[in-house]
1. In segment 30-70, what residues are in contact with a His (Cβ under 8 Å, 6 or more places away or on another chain) and under 12 Å from VAL19 (Cβ atoms)?
2. Residues in segment 29-46: is at least one without any contact (Cβ under 8 Å) to a residue 24 or more places away in the chain and on the phi > 0 side of the Ramachandran plot?
3. Identify all residues within segment 93-108 that are aliphatic (A, V, I, L, M), modelled with pLDDT of 85 or more and within 16 Å of PRO31 (Cβ to Cβ); write none if there are none.
4. Restricting segment 165-193 to residues that are in contact with a helix residue (DSSP H, G or I) (Cβ under 8 Å, 6 or more places away or on another chain) and among the β-branched types (Val, Ile, Thr), which is surrounded by the most Cβ atoms within 10 Å (Cβ to Cβ)?
5. Among the residues of segment 100-114, are any under 13 Å from SER163 (Cα atoms), of a type outside the set (Asp, Glu), touching a Pro at 6+ places or on another chain (Cβ under 8 Å) and part of a helix (DSSP H, G or I)?
6. Given LYS142, LYS128, which one is surrounded by fewer than 19 Cβ atoms within 10 Å (Cβ to Cβ), of a type outside the set (Gly, Ala, Ser) and at pLDDT 85 or above?
7. Being crowded, with 19+ Cβ neighbours inside 10 Å, of a type in the set (Ser, Thr, Tyr) and either over 24 Å from LYS171 (Cβ atoms) or assigned by TED's automatic domain parsing to the domain that holds VAL124 (or both) narrows it down to one of THR53, THR21, THR44, THR48, so name that one.
8. Mind listing just one residue for me: the one in segment 50-68 that is in contact with a Leu (Cβ under 8 Å, 6 or more places away or on another chain) and under 18 Å from VAL88 (Cβ atoms) and, of those, modelled with the lowest pLDDT?
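The values are calculated or read from the model by the stated rules, or taken from the named source; none is laboratory data. Worth saying up front: this structure is predicted, and the values here are computed from it rather than measured. Using ideal geometry, Cβ is built from the backbone for each residue, glycine included, and neighbour counts are taken over all protein chains shown.
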Amino acid sequence: MIASIRGFVKTKQDNWVLVETGGVGYKIFAPESVIGSLHTGGETFLHTYHHITEGAQALYGFISQEEESFFELLLSISGVGPKVGLSVMNAASVAEIKVAVIEDNAEVLTKISGVGEKTAKRIVLELKNKIKIGDVRPIGTKSLDIGSSVDVYEALLRLGYNSIEARAAIKMVSNDITDSEKKLRAALKNLGK
């Protein structure tokens, strides 16, 4: 079982990174926020989850132990595999997902790619007793992985969208759009408004 890796980033792709340590390269699947924080040629340390099935093995990497533990918790839910687990973690921070679970808000989770209504309800039901309100750290805009779009994010919240919806809409906006007003219009279009 591989629990962590320290090494140099050789290659980055959309959903995986190649980390070389001791002359061996490890392909590690990771959330977009993790991949975005790594620099090719730079040294990194990742907490890993070693997923082993009958026909394959894969590594999943995370910056913090909390993220890795939460990923494992997601995988303990029937119908949630690594692909769906990564989709959930790409859509929101661990704190945001925990808040959705505590608030019984399965609807928020259905907006995540690969998560249908049944799976969302199962996630909320099975995690409800495993997450305590005291486990949830405050959600600040710095942890949102939305870059310079904090003003757009806050505007969407004021318009009544929840944190997960706002983040997902902002992430879909082209990086070429830099004007906040145009960014807000594009995000609203992504939300179907």
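1. Residues of segment 30-70 that are in contact with a His (Cβ under 8 Å, 6 or more places away or on another chain), as a first pass: 57-65, 67-68.
Within segment 30-70, LEU59, GLY61 qualify.
2. Looking through segment 29-46, none of the residues is without any contact (Cβ under 8 Å) to a residue 24 or more places away in the chain and on the phi > 0 side of the Ramachandran plot.
3. VAL94, ILE97
4. ILE170
5. no
6. On the way: LYS142 fails: at pLDDT 85 or above.
Exactly one of LYS142, LYS128 is surrounded by fewer than 19 Cβ atoms within 10 Å (Cβ to Cβ), of a type outside the set (Gly, Ala, Ser) and at pLDDT 85 or above, namely LYS128.
7. Values: THR53 fails: crowded, with 19+ Cβ neighbours inside 10 Å; THR21 fails: crowded, with 19+ Cβ neighbours inside 10 Å; THR44 fails: either over 24 Å from LYS171 (Cβ atoms) or assigned by TED's automatic domain parsing to the domain that holds VAL124 (or both).
Exactly one of THR53, THR21, THR44, THR48 is crowded, with 19+ Cβ neighbours inside 10 Å, of a type in the set (Ser, Thr, Tyr) and either over 24 Å from LYS171 (Cβ atoms) or assigned by TED's automatic domain parsing to the domain that holds VAL124 (or both), namely THR48.
8. First, the residues of segment 50-68 that are in contact with a Leu (Cβ under 8 Å, 6 or more places away or on another chain): 50-51, 60-63.
Those still in the list that are under 18 Å from VAL88 (Cβ atoms) too: 51, 60-63.
Values: HIS51: 96, TYR60: 98, GLY61: 97, PHE62: 96, ILE63: 93.
Checking each candidate, the answer is ILE63.
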